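The values are calculated or read from the model by the stated rules, or taken from the named source; none is laboratory data. Fair warning: this is a prediction, and the values are worked out from it, not measured in the lab. Counting neighbours? That spans all protein chains shown, and the Cβs are built from the backbone with ideal geometry, glycine included. For accessibility, only protein heavy atoms count, side chains too; no ligands or nucleic acids. Shrake-Rupley method; radii C 1.70, N 1.55, O 1.52, S 1.80 Å.
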Amino acid sequence: GHLIPIAFVSAETGAGVPELLNIFTKLMPNPAEGNPPPILKGEGKDASPVEVKPDPNGHVVAHVFKITNDPFVGKMSIFRVYQGTVRPESQLFIGDARKPFKVGHLFKVQGGKHEEIDAGIPGDICAVAKIDEIHYDAILHDSHDEDNFHLKPLDFPQPMYGLAVQPQSRGQEQKLAQAIQKLTEEDPCFIVEHNQELNETVIRGLGEYHMRVMLQRMSTRYNVEVDTRPPRIAYRETITRPAEGHYRHKKQTGGAGQFGEVFLRVRPLGRGDGFVFTNKVVGGAIPTSLIPAVEKGVRQVLDNGAIAGYPLQDVRVTVYDGKHHSVDSKEVAFVAAGKKAFVDAIQKARPIILEPIVNMHISAPTDSIGTVTGDISGMRGRILDQRMLPGNQAMVDGQAPLAETISYYSTLKAHTAGEGVYTLEFSHYEAVPPNIQQELVSRYKGDDED
């Protein structure tokens, strides 16, 4: 019920800052009076709160709340001491690590200045340099009694805004990887994903401005210039009905030739069942030793696709007949015959392109929910659930194609005055609409012609 006087600070001149700091000194609680954040011991449901006292003579318990990579000093790990005293030459463990590290130099950080100090007591904010093993949110301690200590995890917003990046200059891939790794150490809301299937590196953050800042840091701090574009979508191909395929591979080059003939059947499997290869050849029409060559040719199509360049899935292939030549039938001939026979069968099996569908969980102010549900419908999506939350908030659960959600971050922020948040998680694959399939196939054929 008491009013606390606060000094007014000029944004232009900084006048009033000393007065404000004096008020903090007089009225704010000191570390012995304040309430430390909840520190837990153990993991998951077995985690239980533990008491940490601001006793400079107790075991050291400190929390790493920030990582920076200084171009002159190197990696700086900044932590707050909650219990015990940290000194140069101290031996500290990181989390449940078995081996301690030695505190060589202990710093007090003020802006860009790093001043060496002799000790850090409870309430002090200190830093150590060049200890690569330290990570954000780590607990530093000097006794194995605190091996399983950790702070209650903070609920950071999920990084949803993504950009695919590649260096502008060849040969800078390793330099880019190092820059991204250092930036992810500093910012828990900046993550990197590498999609081996698409050979693509995607960085994700909390929005366009966040990503712009991180790209600028790559340029100014690590001298890495990158090209960016929206992430690719991991489409798939499959078939919708049974069919048969046949191909005869025959090549004569003057000496020994190549010959192989393959007959096979394909039929669709259930969504998510993958790929099954079966050998039903009888009578030695294709020698058993050459059946793996046929499968190798089939798998080349699985990896590279048959209609739009995307991996094939959910198909059973059965090789049931063929022909061989005692001299000219080599592995390379049956690899080629298996590949072309499989492509022939796919073209007859009414192939379709599948796209990833994601579950969307959107939280927004109640008065924006009508707009949010309209957004989902406009993204070829569907509403699964809608419920009210405390604080004039509502939650909408839905599903939509991943391709339609790429730029949704900006849309949601605009529709909810910056208050809306959402998360995505993969659900399943579904067939794309005919017009989108035609566009993807045409693009693939155009790339082939180029």
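Within segment 131-143, track down each residue that is among the acidic types (Asp, Glu) and open to solvent by less than 70 Å² (accessible area, probe 1.4 Å). Result: Asp137, Asp142.
Checked against (1) open to solvent by less than 30 Å² (accessible area, probe 1.4 Å); (2) modelled with pLDDT of 90 or more; (3) over 24 Å from the mean Cα position of the chain (by Cα); (4) not hydroxyl-bearing (Ser, Thr, Tyr), Gly257 passes all but condition (2).
This table checks each residue for (1) farther than 23 Å from His150 by Cα; (2) under 30 Å from the mean Cα position of the chain (by Cα); (3) not basic (Lys, Arg).
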| residue | (1), (2), (3) |
| --- | --- |
| Asn69 | yes, yes, yes |
| Lys75 | no, yes, no |
| Tyr82 | no, no, yes |
| Pro88 | yes, no, yes |
| His105 | yes, no, yes |
| Lys113 | yes, no, no |
| Ile117 | yes, no, yes |
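For segment 56-65, the condition holds for at least one residue, the condition being that it is among the hydrophobic types (A, V, I, L, M, F, W, C), in a loop (DSSP other than H, G, I, E, B) and open to solvent by less than 30 Å² (accessible area, probe 1.4 Å). You will find that of Gly322, Gly374, Gly338, Gly370, the residue that is more than 30 Å from Glu419 (Cα to Cα) and out of contact with any helix residue (DSSP H, G or I) (no Cβ under 7 Å at 6 or more places or on another chain) is Gly322 and no other. A single entry from Pro49, Pro37 fulfils the requirement of being open to solvent by 30 Å² or more (accessible area, probe 1.4 Å) and either over 27 Å from Cys189 (Cβ atoms) or assigned to a loop (DSSP other than H, G, I, E, B) (or both): Pro37. For segment 200-226, the candidate set comprises residues that are within 14 Å of the chain's Cα centre (by Cα) and of a type outside the set (A, V, I, L, M, F, W, C); within that set, the residue that is surrounded by the most Cβ atoms within 10 Å (Cβ to Cβ) is Gly205. The condition of being at negative phi and surrounded by fewer than 18 Cβ atoms within 10 Å (Cβ to Cβ) holds for only one of Glu146, Glu115, that being Glu115. Applying the condition of being over 14 Å from Arg204 (Cα atoms) and outside any strand (DSSP E or B) to segment 149-163 and asking which residue is most open to solvent (accessible area, probe 1.4 Å) yields Asp155. The set of residues in segment 164-192 being in contact with a Leu (Cβ under 8 Å, 6 or more places away or on another chain) and in a strand (DSSP E or B) consists of Val165, Gln166, Pro167.
Kindly list, by first and then second residue, each pair from a residue in segment 13-35 that is within 17 Å of Ile125 (Cα to Cα) and at pLDDT below 80 to a residue that is open to solvent by 80 Å² or more (accessible area, probe 1.4 Å) and not in a helix (DSSP H, G or I), limited to pairs with Cβ atoms under 6 Å and residues at least 6 apart or on different chains. Every condition considered, no pair remains. Taking segment 71-106 only, how many residues are in contact (Cβ under 8 Å) with a residue 40 or more places away in the chain and part of a strand (DSSP E or B)? Going through segment 71-106 one residue at a time, the tally reaches 14.
When you check Pro71 against the structure, is it open to solvent by 70 Å² or more (accessible area, probe 1.4 Å), farther than 19 Å from Gly58 by Cα and in contact with a helix residue (DSSP H, G or I) (Cβ under 9 Å, 6 or more places away or on another chain), yes or no?
Values: open to solvent by 70 Å² or more (accessible area, probe 1.4 Å): yes; farther than 19 Å from Gly58 by Cα: yes; in contact with a helix residue (DSSP H, G or I) (Cβ under 9 Å, 6 or more places away or on another chain): yes.
Answer is yes for this residue.
Of all residues in segment 118-130, those that are under 22 Å from Val52 (Cβ atoms) and open to solvent by 20 Å² or more (accessible area, probe 1.4 Å) total 5.
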